[in-house]
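Read the structure below first, then the notes.
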Amino acid sequence: MEERKARVREQAKQYHAQFKGRLDMEEYAGNTQARCEFCDKNVKPWEIRIVAASEKERWACQPCVDREGLTLSNSDQAIQFEAIRLATKWISIRG
């Protein structure tokens, strides 16, 4: 889990540097939603996670990950998605 976190954070730093100043976060946050496949709620894009499910990866919000005890996916695509999600969150919080 710590190795996964480190991979995500390292990629997120790269995306943050790439995106900073180029994204209009108010427009992005206002017009973009993601849907949790477990509770069917719409959430902000940076609140969605990719979890390993029995047949395929699925999208889940953090409350569902915690409540259901879901395992975050370790695939390269999931790590990239998480890195972009984290970089977007950083930009929305601190610019």
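Do the conditions hold for Trp90, that is, is it among the hydrophobic types (A, V, I, L, M, F, W, C), touching a strand residue (DSSP E or B) at 6+ places or on another chain (Cβ under 7 Å) and either modelled with pLDDT under 90 or outside any helix (DSSP H, G or I) (or both)?
no
Just the residues that are within 16 Å of the chain's Cα centre (by Cα), of a type in the set (Ser, Thr, Tyr) and either exposed (fewer than 14 other Cβ atoms within 10 Å of the Cβ) or modelled with pLDDT of 90 or more (or both), please, taken from segment 18-74.
Thr32, Thr71, Ser73
The values are calculated or read from the model by the stated rules, or taken from the named source; none is laboratory data. Keep in mind it's a predicted model, so treat the numbers as computed, not measured. So basically every Cβ, Gly included, is an ideal-geometry build from the backbone, and we count neighbours across all protein chains shown.
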